[in-house]
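The values are calculated or read from the model by the stated rules, or taken from the named source; none is laboratory data. From a predicted model like this one, the values you see are computed outputs, not experimental measurements. A quick note on method: Cβ atoms are made from the backbone with ideal geometry, for glycine too, and the neighbour counts reach across all protein chains shown.
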C-alpha cells in the first residue's frame with residue numbers, strides 16, 4: 001500500500017477498530033501525522049513567536065526587570081527556575097521605569113473611582129521637585145503625598 005492510499009484508508013476508517021492494518025498503512029499514516037504536526041507546529045510558532053516575545057518582555061517590565069533577563073534560562077536548570085518564579089511573582093506596585101502599573105486603574109475603577117495613576121504620578125513628580133528645590137519641607141511633602149495617594 002502506498003503513501004496516499006494509506007492516508008486515504010486511515011481517514012476512511014477513522015473510527016473503525018475492527019479489522020487489520022498492514023505495516024505500510026500504519027507507518028505511512030504515522031509519517032503523514034508527523035509531517036502534519038511539524039507543519040502546523042511550525043505555523044503556530046511563526047504566528048505566536050512575536051506576541052509571546054512581547055508579552056514576556058512586558059511581564060519582565062512589570063517586575064521592573066529588563067527584557068534581557070529572558071536569556072536567564074541559558075544558565076542550565078537554575079536560570080529556568082529563577083525566571084519561572086519571577087513570572088509567577090506579583091509586579092511592582094505603582095509605576096516603575098517601564099510605565100504605569102497595568103492593574104492600578106482597573107483596581108481603582110473596581111474600588112470606586114479615584115484619581116488616575118498617570119495624574120497621581122504627575123502630581124507626585126511635581127511635589128518631589130518642590131521638595132528637591134527646598135520649596136517645601138519633608139513633612140509637607142509626606143502630607144501632600146498621602147493626600148495624592150488617598151485620592
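Where helices (runs of 4 or more DSSP H) fall wholly inside the range 1-100, the ranges with 3 or more residues that are surrounded by 13 or more Cβ atoms within 10 Å (Cβ to Cβ) and modelled with pLDDT under 95 are 3-12, 23-62. Would you be able to say whether some residue in the range 36-47 is in contact with a helix residue (DSSP H, G or I) (Cβ under 8 Å, 6 or more places away or on another chain) and closer than 30 Å to residue 5 by Cβ? No, because not a single residue in the range 36-47 is in contact with a helix residue (DSSP H, G or I) (Cβ under 8 Å, 6 or more places away or on another chain) and closer than 30 Å to residue 5 by Cβ.
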